[in-house]
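*Asks:* My questions all concern the structure below.
Readers should treat all values here as calculations from the given coordinates under stated rules, not as data from a laboratory. This is a predicted model, so every value here is computed, not measured. Glycine gets a Cβ as well: all are built from the backbone with ideal geometry, and neighbour counts include every protein chain shown.
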Amino acid sequence: MAKVNMSVDQDRDVHIGILGSLNHTTWAAIRRDCYELEDIRWVRVNMSGVQSIDSAGIGVLLMIKECAEKKNGKVMITGAMKNPHVNQIVKLAHLDKIFQIE
C-alpha cells in the first residue's frame with residue numbers, strides 16, 4: 001500500500017509525496033484532499049519513492065492535474081526519473097508531454 005503525504009506551503013504550493021505503488025489505493029488517499037484545496041499555484045508531485053505505477057496510477061496523476069487546473073494551478077512531477085520502471089511508464093504514457101517533469 002502506498003503512503004501519501006500532502007502539505008501546502010505559505011506560497012500556496014501543494015506538495016504531494018508518494019511512497020510505494022501509484023495505483024487505485026493512492027487515488028482514494030488523494031481524491032478527497034485534492035478537491036478540498038483552495039486557490040493554489042503549483043502542485044508538486046514527488047514520485048522519487050514510487051516503486052511501481054499502473055493505469056490507475058496514471059489516472060491519479062490526471063485527476064491531480066484536473067483538480068489543479070480547476071483551482072488555477074499547475075502540476076510538476078519530480079523524482080519520476082529515479083526509477084527506470086517509472087521513467088519508462090512516464091514516457092510510454094506520454095506523461096512528459098502533459099506534465100512538467102523535473
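*Asks:* Sorted by average packing, counted as other Cβ atoms within 10 angstrom per residue and highest first, what order do 73-82, 27-36 take?
*Replies:* The densest-packed peptide leads the list: 73-82, 27-36.
*Asks:* Continuing with the same structure: How many nm separate the modelled label positions at N87 and Q100, each set 7 Å beyond the Cα in the direction of the Cβ?
*Replies:* 2.2 nm
*Asks:* Past the 16 angstrom mark, what percentage of all C-alpha to C-alpha distances in segment 4-44 do you count?
*Replies:* Roughly 33 percent, once rounded to a whole number.
*Asks:* For P(r) over Cα pairs in 10 Å bins from 0, in percent, which listed value, (i) 13, 30, 30, 19, 7, 1; (ii) 17, 41, 27, 14, 1; (iii) 16, 56, 26, 2, comes from the coordinates shown?
*Replies:* (iii)
*Asks:* If R₀ is 35 angstrom, what is the calculated FRET efficiency for the pair A56 and D9, using the beta carbon separation as r and rounding to 0.05?
*Replies:* 0.80
*Asks:* In the chain, if the dipole is taken from +1 on Lys/Arg beta carbons and -1 on Asp/Glu beta carbons about the Cα centre, which of I58, A29, H85 is farthest to the positive end?
*Replies:* H85
*Asks:* If you average the sequence gap of Cα pairs under 8 Å that are 6 or more apart and divide by the length of the chain, what percent do you get for the contact order?
*Replies:* 26 percent
*Asks:* For segment 1-74, with only Lys/Arg (+1) and Asp/Glu (-1) charged at the beta-carbon, what is the dipole magnitude about the Cα centre, in debye rounded to 20?
*Replies:* 100 debye
*Asks:* Could you give the nm distance between label points at E69 and E36, where each point is 7 Å from its Cα heading toward the beta carbon?
*Replies:* For the pair E69/E36, the computed spacing is 2.5 nm.
*Asks:* Based solely on its DSSP helices, what 222 nm [θ] is calculated for the chain when runs of n ≥ 4 H residues each add -39,500 (n - 2.57) and the sum is averaged over all residues, nearest 500 deg cm²/dmol?
*Replies:* So the calculated ellipticity at 222 nm is -12500 deg cm²/dmol.
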